[in-house]
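Here, each number is a calculation from the coordinates, and none is a lab measurement. Keep in mind the model is a prediction, meaning the values are calculated, not measured. For neighbour counting, all protein chains shown are included, and Cβ atoms are generated from backbone atoms with ideal geometry for every residue, glycine included.
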């Protein structure tokens, strides 16, 4: 009789311990998941700030095209010549590099570098005074093309700008297609 | 001891053991469940904060999009007045407004769920339009640089020179380039701050 009772008591505690282990297991999974999501959330904020930097680069690029269109058309004409087999790719790469130089935040003395400095100083000023975060913005324009599409009786032209931006190492890329009207 | 007495003794003994078992089980379960309840509460709080931060981010992005399409001349002159702010939220559509006073603006409180969000905007000019009469150094200047390789032995391209390539020509712009700073406060210690730039694309 005593043996049976002892056996029963042992089984009951074992069942409780199994339940407790299961609860603690779930608890661990929940804690890990919460910690993981907390990291993902701060990354989302960083990605949004990186996207804002990308928008700055795109605005700068569109504006340069707006004020200096003929300089860009020279590059575009070189690209057309290369496609036709008559242009020099070295000259094209050089001229394209000259055009894109102002949009790269790493290049000193450019408008992009000044924007980068402003963004970083502003982010530092906005932080809590007791813990000043280290912030780093970088951005640039990778591609700047004029894309033409022939439709019935007319041609539609688009500026295709592919830019990237990063905030504290979190990098985002954006491509924008803007319809432009080119005077014949 | 008679048979009935033995059964009684065994029965009461069995009852006593069961009570002890239940008490021990309850104590162990309480030890396991109390931290679980604490963890669930903490997790719920974290999830709520994350949701609020995500909504604040989306709200900030919406306001940036509104500012990027607002009238540029009015934006830089501080005469924008009131800008409609229509936002779709999980609780329904929110119809508010950004009220500009000069170069700053604030919105009425946006209540989404249990949190209240307030948006403030600051417009500042980083690059000032160049003035042909009184020239200044704060204008947006695009440059054309010399990337040509110097004559002599071949060097890797682009050259590993830390100095920027030499200037060939510059173009000083006659429009402002403004910085749009959007801040969304939503009751926590840190607010969401988004900052981007806008050029004049009106022409």
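Observations on the structure shown:
- Across the alpha-carbon atoms of chain A, the computed radius of gyration and Dmax are 29.2, 106 angstrom.
- Modelled FRET efficiency - R0 25 Å, residue A:14 with residue B:39, Cβ distances, 0.05 increments: 0.55
- Note on residue A:142/residue A:86: beta-carbon distance plugged into 1/(1 + (r/R0)^6) with R0 of 35 Å gives a FRET efficiency of 0.85.
- Acute angle (nearest 10 degrees) that the helix A:111-126 long axis makes with the longest principal axis of chain A, alpha-carbon atoms: 30 degrees
- Between 0 and 90°, nearest 10: helix A:69-84 axis offset from chain A longest Cα axis: 90 degrees
- Label zone at residue A:77 (point 7 Å along Cα-to-Cβ), backbone N below 17 Å, segment A:91-106: A:91-96, A:99
- Applying 0.36 nm per residue to the separation of residue B:29 and residue B:71 and subtracting their alpha-carbon distance, the gain on full extension is 8.7 nm.
- For segment B:73-138 versus segment A:82-123, the inter-centroid distance based on Cα atoms is 30 Å.
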